[in-house]
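Asks: Have a look at this one.
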Amino acid sequence: MTRLAVSREEGTVLVVGLIMLVLISLMLMTALNVGTTNFRAMSNMQFRSEAMAAANKAIEQVISSPFTVAPAAEQIDVDIDNNDAVDYVVHIAQPTCIYAAQAFSSDPSSLSLPVTMSGASTWNTVWDVDASVDGDENAGGATVRVREGVRVLLTESQKNAVCP
């Protein structure tokens with residue numbers, strides 16, 4: 001009788017061992033998936049931050065140039081990590097003049113402005129500069145769009161040439 005009871009218990013240990021092995025394997029796979037997901041999320045955040053920095057750098061480059069002379073769309077290659085390789089390609093849409101207002105009600109005196117501007121009225125113009133980084137062309141696949149407004153002081157002839 002004791003021999004019959006012992007033979008029934010031998011299979012139970014095997015079944016319990018297999019169940020424990022499956023549970024431990026599931027826990028390890030879950031931990032691996034959580035770690036991988038967190039790594040991907042952090043990588044995506046880093047690529048998005050770099051793409052925004054590239055767009056802002058390209059906007060600053062456009063704003064620091066005389067872009068109001070002949071506003072045009074352009075493509076700017078940006079090297080974020082300064083290794084002489086293009087990291088991001090930024091597409092700048094044509095800057096648009098969205099507002100113009102006369103800066104002074106009458107011609108400014110030569111004391112308040114340089115002599116070259118003293119004979120003409122000046123205009124405060126507000127420009128919209130739109131930069132986009134396409135995820136298909138860049139590392140990480142981050143797609144970002146940054147818009148910046150900038151005010152530029154123009155003479156009346158310059159304003160008439162570029163602002164409606």
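Asks: Which one of these does residue 59 not meet: (1) part of a helix (DSSP H, G or I); (2) under 30 Å from residue 163 (Cα atoms); (3) touching a helix residue (DSSP H, G or I) at 6+ places or on another chain (Cβ under 8 Å)?
Replies: Residue 59 satisfies all of (1) part of a helix (DSSP H, G or I); (2) under 30 Å from residue 163 (Cα atoms); (3) touching a helix residue (DSSP H, G or I) at 6+ places or on another chain (Cβ under 8 Å) except (3).
Asks: Something else about it: Let me spell it out: the conditions are (1) surrounded by fewer than 12 Cβ atoms within 10 Å (Cβ to Cβ); (2) at pLDDT 90 or above; (3) not aromatic (Phe, Trp, Tyr), and residue 136 meets all of them except one. Which number is the exception?
Replies: Only one criterion in (1) surrounded by fewer than 12 Cβ atoms within 10 Å (Cβ to Cβ); (2) at pLDDT 90 or above; (3) not aromatic (Phe, Trp, Tyr) is unmet by residue 136, namely (2).
Asks: Would you be able to tell me the number of residues in region 139-164 that are surrounded by 14 or more Cβ atoms within 10 Å (Cβ to Cβ) and either among the hydroxyl-bearing types (Ser, Thr, Tyr) or in a strand (DSSP E or B) (or both)?
Replies: Qualifying residue count, region 139-164: 10.
Yes/no per residue for (1) at pLDDT below 90; (2) within 30 Å of residue 158 (Cβ to Cβ); (3) surrounded by 10 or more Cβ atoms within 10 Å (Cβ to Cβ):
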{"position": "4", "(1), (2), (3)": "yes, no, no"}
{"position": "11", "(1), (2), (3)": "yes, no, no"}
{"position": "14", "(1), (2), (3)": "yes, no, no"}
{"position": "37", "(1), (2), (3)": "yes, no, yes"}
{"position": "55", "(1), (2), (3)": "no, yes, yes"}
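Asks: Are there any pairs, at least 6 apart or on different chains, whose C-beta atoms fall under 8 Å, with the first in region 23-44 and within 23 Å of residue 136 (Cβ to Cβ) and in contact (Cβ under 8 Å) with a residue 40 or more places away in the chain and the second aliphatic (A, V, I, L, M) and not in a helix (DSSP H, G or I), and if so, which?
Replies: These pairs meet every condition: 44/142.
Asks: Which one of 85, 53, 93 is under 30 Å from residue 164 (Cβ atoms), among the hydrophobic types (A, V, I, L, M, F, W, C) and within 21 Å of the chain's Cα centre (by Cα)?
Replies: Sole residue among the options that is under 30 Å from residue 164 (Cβ atoms), among the hydrophobic types (A, V, I, L, M, F, W, C) and within 21 Å of the chain's Cα centre (by Cα): 93.
The values are calculated or read from the model by the stated rules, or taken from the named source; none is laboratory data. As the structure is a prediction and not an experimental result, all values here were calculated from the model. Quick reminder, even Gly has a Cβ in these numbers, built from the backbone with ideal geometry, and neighbours come from all protein chains shown.
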